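The values are calculated or read from the model by the stated rules, or taken from the named source; none is laboratory data. Since this is a predicted model, take the numbers as computed values, not measurements. Positions of Cβ are generated from backbone atoms using ideal geometry, with glycine treated the same way; all protein chains shown enter the neighbour counts.
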């Protein structure tokens, strides 16, 4: 793996982090960051302290394409000893030498150093975009348009985070005590364990890594076993950009060992915070494990995003956005349009438009057969209970690809009666509800255990904003597709969709903590003996 070996040599020549501002970007690698094991397999290796670890052929697992059922490459699985090495490397790279005048330790790296490396990474993402696109498509079976959009959005996140690095500021609060000075410093929390998902593998992993690194933290990245190469490419590019060894380490493990490996990483005394993006079911486990070891967690979990269509909406536009929000990337997005809530006065007209639009959608393919099977089973249950399908049904349109579907559900149906009412389908489908008025629409939207993204379709701004304030969601978008995010706005969930916020300065603030230091001068009050 030439790119990583070259970076490792560059890193060992750097004696302190202040000099990293003078490191010139390397010529982009034309080879994927894959190693060869003794049997000739192409393997995503473990990467610790600026070096790829040798691959043990007995500890590799395949990554399989759901389109062809063929192995696209392999990944090396880690041991708990590897976890310890990664955490130790992250700690040493973060902490450096106590009271170092040479600026050792990433936590002492200057704003310029952190910002400039992130900007180089953004440039390299542009230069190596075809590698990044191919990796996403090979591993997750996504469509090329989705992969391209992930690259472009990631570049936007990188540049915006870089622009916010110098805005991390402390304060000097007033103190009543005479001849006493107070300072509130914002310091990086320490090494961060990042556990990203596979469904938007590039953008979500890069954003998490970059926010932590930009704040002055080091990172242990636990790559998804479904997209290890995509995640590994991020690490490769960061080191090509001049990131010192140990600041970013990556490892992965097979699903059956994930619980043991994840708890071992969280338990490490060197790990000071965890960021997890994934399902609510796994989020509960991560949260409970983190609480066990008293570690803070930033979590963005699943959603059951509602799209509310009001009687003053542009119905054609609303139908197109609802359909695309449901079908995009086979519905494998936490921001997907899972529920459509329409007022009765326009329901019949809207349904006719929606039916025509949804019939033209291509749902794509799931990352693996288990995802597709679950999505189909949820639709089958709805059909078995007598619910009418406006479009589609519980069938596969293509191999591992569910037919884009809209199923009619009575608003009085509870989540105990049907899974589709409040379970994320991760398929190209949505449930459609007809309600009488705005109040019922808000009540139904808020009845979910989740609170990530919601949309409202209306031409009345005052009405939409008032409704938006009543919705229990982290983001509410008016006249937009539900799969919307902005590099300059906060992103995160409420209720069962997690807590904390990412993007721009909000994301950086997640990885710093306040320290209060006071200086008491000679004329300060002295307590009586």
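Data for the structure
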{"quantity": "Single residue of region 486-505 satisfying the filter (farther than 15 Å from residue 164 by Cα and surrounded by fewer than 19 Cβ atoms within 10 Å (Cβ to Cβ)) that is nearest to the chain's Cα centre (by Cα)", "calculated": "499"}
{"quantity": "Only listed residue being in the same structural domain as residue 359 (by TED's automatic domain parsing), more than 17 Å from residue 311 (Cα to Cα), surrounded by fewer than 16 Cβ atoms within 10 Å (Cβ to Cβ) and in contact with a helix residue (DSSP H, G or I) (Cβ under 7 Å, 6 or more places away or on another chain), chosen from 430, 449", "calculated": "449"}
{"quantity": "Qualifying residue in region 166-186 (condition: in a helix (DSSP H, G or I) and in contact with a helix residue (DSSP H, G or I) (Cβ under 9 Å, 6 or more places away or on another chain))", "calculated": "yes"}
{"quantity": "Residue within region 313-324 that is crowded, with 23+ Cβ neighbours inside 10 Å and within 21 Å of residue 198 (Cβ to Cβ) present", "calculated": "no"}
{"quantity": "Scan of region 315-347 for residues that are touching a strand residue (DSSP E or B) at 6+ places or on another chain (Cβ under 6 Å), part of a helix (DSSP H, G or I) and closer than 29 Å to residue 137 by Cα, ordered by number", "calculated": "322, 326"}
{"quantity": "Residue satisfying condition, being touching a helix residue (DSSP H, G or I) at 6+ places or on another chain (Cβ under 8 Å) and within 18 Å of residue 45 (Cα to Cα), within set 237, 213", "calculated": "237"}
{"quantity": "Residue that is surrounded by the most Cβ atoms within 10 Å (Cβ to Cβ), among those in region 64-99 that are within 16 Å of residue 257 (Cα to Cα) and in contact (Cβ under 8 Å) with a residue 60 or more places away in the chain", "calculated": "75"}
{"quantity": "Subset of region 189-213 (residues that are touching a strand residue (DSSP E or B) at 6+ places or on another chain (Cβ under 6 Å) and within 16 Å of residue 513 (Cα to Cα))", "calculated": "189, 192, 212"}
{"quantity": "Residue match in region 380-389 (condition: farther than 19 Å from residue 66 by Cβ and crowded, with 20+ Cβ neighbours inside 10 Å)", "calculated": "yes"}
{"quantity": "Strands (runs of 3 or more DSSP E) contained entirely in region 372-466, each with at least 2 residues that are in contact with a strand residue (DSSP E or B) (Cβ under 7 Å, 6 or more places away or on another chain) and free of Cβ contacts under 8 Å to residues at least 60 places away in the same chain", "calculated": "389-391, 405-408"}
{"quantity": "Scan of region 42-82 for residues that are assigned to a helix (DSSP H, G or I) and either within 23 Å of residue 216 (Cβ to Cβ) or in contact with a strand residue (DSSP E or B) (Cβ under 7 Å, 6 or more places away or on another chain) (or both), ordered by number", "calculated": "59, 82"}
